[in-house]
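Asks: Got a structure here, written out as structure tokens. Questions coming.
Any read-out appearing in this document is the output of simple, stated calculations on the displayed coordinates, not a laboratory observation. This structure is a prediction, so every number in the text was calculated from the model and none was measured. Positions of Cβ are generated from backbone atoms using ideal geometry, with glycine treated the same way; all protein chains shown enter the neighbour counts.
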Amino acid sequence: MSKRTRCARCERPIKTCLCADLVELSCNYRLIILQDPKEAKHALSSAPILEKSIVGAQRVIGEVFDPVSLLGEGWQSNSLLIYPHEKSLSQQQAVEQNFKNLILLDGTWRKVARMLHLNPWLSELPCFAIDSSYESQYLIRKSPRADGLSTIEAAVKVLNDLHSTSEKTDQAKNGQTFDSILGAFNKMIEFQISAMGSDTFNKNYSSNTNHSPNKNHSS
């Protein structure tokens, strides 16, 4: 059987092309997504959408990473890891330190824990945690944590937090947020729910949220 034709831009099957909803925004940081190899094979991964939505974003697939080749000299002081930690920086502290790199870890909680174990240098980085009250719209994948977010949702929340007091980007100057990045993500979810049918969705995923699968989810 021949493979389905894919869109050259969004790399999705033509039938579920996301290009109409893709946006590309600039930000104050170099966004780096360290992705577990198994997650990279998942058809519903949000990281590829995120990579295409932020100018200069880089998705690196692997298990072990070299900080110097990835981040350059001075990586300890110019990089911020997006991960919950008891000594996480406040929003003001994170903005004032003028970090160059934002690092996101993409994988299940178990895979992310393994990534941290295999890359002890990550523990040397300052951390920034996401507000646990933020509700995920990732209706078609299950998380063992109530505060679990997809990588793209985490990135949007962080970018909104760190740019809210900045005037270095067109988005900040115009009072805009990074929420529009979620348009393609939400469309991917809608396509998948439509393909599986409402009965299957309600049977397997309705506990994820009280939202109806037919509702147009917005950021």
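Asks: In terms of the Cα gyration tensor, with a ≥ b ≥ c the square roots of its eigenvalues, is the range 47-109 rounded because a/c is under 1.5, prolate because a/b exceeds b/c, or oblate?
Replies: Working: a/c = 1.43, a/b = 1.32, b/c = 1.09.
Verdict is rounded for the range 47-109.
Asks: Listed here are the pairs K111/K187; K100/K187; K15/K38; K15/K52; K15/K111; which of them are more than 29 Å apart at the Cα?
Replies: K100/K187; K15/K111
Asks: Something else about it: About its Cα centre, how strong a charge dipole does the range 81-124 have in debye, to the nearest 20, once Lys and Arg get +1 and Asp and Glu get -1 at the Cβ?
Replies: Numbers: 5 positive and 4 negative charges, 44 e Å.
In debye, rounded to 20, the range 81-124 gives about 200.
Asks: Among rounded, prolate and oblate, which fits the range 18-129 when a ≥ b ≥ c are the square roots of the eigenvalues of its C-alpha gyration tensor, a/c under 1.5 means rounded, and a/b larger than b/c means prolate?
Replies: Values: a/c = 1.66, a/b = 1.18, b/c = 1.41.
Verdict is oblate for the range 18-129.
Asks: Express in nm, to one decimal, how much length is gained between A43 and V60 on full extension, taking 0.36 nm for each residue of separation and deducting their alpha carbon distance. Kindly include the intermediate steps, with their values, before the conclusion.
Replies: On the way: separation 17, 0.36 × 17 = 6.12 nm, distance 1.68 nm.
That works out to 4.4 nm of additional length.
Asks: Work out how much length E24 to E124 would gain on full extension: take 0.36 nm times their residue separation and subtract the Cα-Cα distance, in nm to one decimal. Could the numbers behind the result be given before it?
Replies: Values: separation 100, 0.36 × 100 = 36.00 nm, distance 3.12 nm.
Gain on extension, E24 to E124, equals 32.9 nm.
Asks: Next question, about the same structure. With a ≥ b ≥ c taken as the square roots of the eigenvalues of the C-alpha gyration tensor of the range 30-74, please select rounded if a/c is under 1.5 and otherwise prolate if a/b is larger than b/c or oblate if it is not?
Replies: Numbers: a/c = 4.47, a/b = 1.36, b/c = 3.28.
Because a/c hits 1.5 or more and a/b fails to exceed b/c, the range 30-74 counts as oblate.
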